[in-house]
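Note sheet for the following structure.
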Amino acid sequence: MRDLWVRNGLLSFEPVPGAETLCRTGWIVPGLVDAHCHVGIRYGGGHEDRVGAIAQAETEREAGALLLRDAGSPIDTRFIDDHEELPRIIRAGRHIARPRRYIRELGIELDDERDLPDIVAEQARLGDGWVKIVGDWIDRSVGDLCPLWSDAILKEAIDAAHANGARVTAHVFGEDALPGLINAGIDCLEHGTGLTDETIEMMVEHGTALVPTLVNIDTFPEIAASAHRFPVYAAHMRDLHRGVRGTVAAAHEAGVPIFAGTDAGGSIRHGRIADEVAALGAAGLSRHDALGAASWNARAWLDRPSIEHGAPADFIVYQDDPRTHPEVLTAPYAVVLRGRVFGTRDPVTSHR
């Protein structure tokens, strides 16, 4: 147990004379992290406008997600940085894909894969330390998930990102794209439903992280049901969905770093980080590790501080320990962002 103060928007372990008391008991958690979301993609699809993007960020703040890794957005959301009342965003620029091999109009589409290293380097310079590529997608000529890039081009592209100070992550559902991505030095995999014991071992050897986006994977049966023209793809998606909890459990047990991301934007509504934490718990992570994947561990991975003297005062107050009472994640007592308090509920009365 310890006391915390806020001075000029920063955390202090030293008393602040005359400070207003927010609560006397409770559990404080570093601001939650949604490590895979899309501020700027409208729910249902398409580009969001500024008003809509701000509303998405507000929804994340209300859920306690105060740090967002935006894993690809079709609009430039840097205007959100001017709003002190909105979460911080770490941007990965735009998705990079091939023609007809991703959601139309959202990404940069390359006719020639040889352009990938240059475009990755450009996005690295424009982003906030991350670049997002599409590793696999349905190939309609084959009727199933297939890789988008050759292994040699992936290595060149990821090296180009690293040379420009950025990490690289990739959308990948199936099995076939994984060895090339991991061996090329990819820093993170999004979804990763096709992981096997072999590719999990490769991830451990390379230090590759995983953001499984389990609330998004729950939509796979719906995707499969609509894929009438591609029965092999539909069956594949159902199989990936059936096995995903075991896949995540195996990756966690092997030592793969796992972080929480909802894939909010498009088909998933914003503000669902508590659902993702619960899903990680159901997939084999302890309640402590599942919460850490959406808080202190994710912040360390993204090079952002947690509860430290002098750090930005971004934290959540809960009435009960969210590890033993996970239901409180959906109803924080107070959200504190840059020292500003949002959404206080009934006074905390529990003793800690």
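The listed residues are GLU198, GLU190, GLU276, and the only one of them that is surrounded by fewer than 20 Cβ atoms within 10 Å (Cβ to Cβ), of a type outside the set (S, T, N, Q) and at pLDDT 95 or above turns out to be GLU198.
Number of residues in the stretch 81-132 that are in a loop (DSSP other than H, G, I, E, B) and aliphatic (A, V, I, L, M): the value is 5.
For ASP128, the test of being charged (D, E, K, R), more than 22 Å from the chain's Cα centre (by Cα) and within 28 Å of HIS252 (Cβ to Cβ) is failed. Here the stretch 84-93 is the region considered, the condition is being open to solvent by 10 Å² or more (accessible area, probe 1.4 Å) and modelled with pLDDT of 95 or more, and the residue that is nearest to ALA121 (Cα to Cα) is ARG91.
When residues in the stretch 206-221 are screened for being of a type in the set (S, T, N, Q), open to solvent by less than 10 Å² (accessible area, probe 1.4 Å) and out of contact with any strand residue (DSSP E or B) (no Cβ under 7 Å at 6 or more places or on another chain), 0 of them pass.
For the residues THR219, THR199, the requirement of being among the β-branched types (Val, Ile, Thr) and closer than 18 Å to ALA170 by Cβ singles out THR199.
The residues listed here are ALA282, ALA224; of these, the one that is touching a residue at least 12 places away in the same chain (Cβ under 8 Å), open to solvent by 10 Å² or more (accessible area, probe 1.4 Å) and farther than 25 Å from ALA53 by Cβ is ALA282. Of the residues ASP76, ASP81, ASP70, which is farther than 14 Å from ARG272 by Cα, without any contact (Cβ under 8 Å) to a residue 60 or more places away in the chain, among the acidic types (Asp, Glu) and crowded, with 21+ Cβ neighbours inside 10 Å? Answer to the selection: ASP70. Considered as a group, the residues in the stretch 185-199 that are part of a loop (DSSP other than H, G, I, E, B) and more than 19 Å from the chain's Cα centre (by Cα) include one that is nearest to ALA152 (Cα to Cα), and that residue is GLY185. Taken over the stretch 316-332, the criterion of being in a helix (DSSP H, G or I) and of a type in the set (Asp, Glu) is satisfied by GLU327 alone.
Could you run through the stretch 279-304 and say how many residues are in a helix (DSSP H, G or I) and either farther than 21 Å from THR208 by Cβ or modelled with pLDDT under 95 (or both)?
Total satisfying the criteria: 5.
Suppose we filter GLU62, GLU58 for residues that are touching a strand residue (DSSP E or B) at 6+ places or on another chain (Cβ under 8 Å), open to solvent by 20 Å² or more (accessible area, probe 1.4 Å) and at pLDDT 95 or above; which single one remains? Give the derivation first.
On the way: GLU58 fails: touching a strand residue (DSSP E or B) at 6+ places or on another chain (Cβ under 8 Å).
None of the others qualify; the one that does is GLU62.
Take the conditions (1) open to solvent by 10 Å² or more (accessible area, probe 1.4 Å); (2) outside any helix (DSSP H, G or I); VAL168 misses just one of them, which is (1). Within the stretch 65-80, the only residue that satisfies the criterion of being outside any helix (DSSP H, G or I) and basic (Lys, Arg) is ARG69.
Listed conditions (1) within 26 Å of ASP218 (Cβ to Cβ); (2) open to solvent by 40 Å² or more (accessible area, probe 1.4 Å) are all met by ALA251, apart from (2).
Restricting the search to strands (runs of 3 or more DSSP E) fully inside the stretch 1-47 and requiring at least 1 residues that are open to solvent by less than 80 Å² (accessible area, probe 1.4 Å) and polar (S, T, N, Q) gives 10-12. Candidates GLU113, GLU109: the one that is touching a helix residue (DSSP H, G or I) at 6+ places or on another chain (Cβ under 6 Å), open to solvent by 10 Å² or more (accessible area, probe 1.4 Å) and either at pLDDT 95 or above or under 30 Å from LEU280 (Cα atoms) (or both) is GLU113. Determine the pairs where a residue that is without any contact (Cβ under 8 Å) to a residue 60 or more places away in the chain, located within the stretch 9-25, has a partner that is of a type in the set (Asp, Glu) and open to solvent by less than 80 Å² (accessible area, probe 1.4 Å) with Cβ atoms under 7 Å apart, the partner being 6 or more residues away or on another chain. Correct list of pairs: empty, since none qualify.
The values are calculated or read from the model by the stated rules, or taken from the named source; none is laboratory data. Predicted, not measured: the structure shown is a model, and the values here were computed from it. A quick note on method: Cβ atoms are made from the backbone with ideal geometry, for glycine too, and the neighbour counts reach across all protein chains shown. Heavy atoms of the whole protein, side chains included, go into the accessibility calculation; ligands, DNA and RNA do not. Shrake-Rupley method; radii C 1.70, N 1.55, O 1.52, S 1.80 Å.
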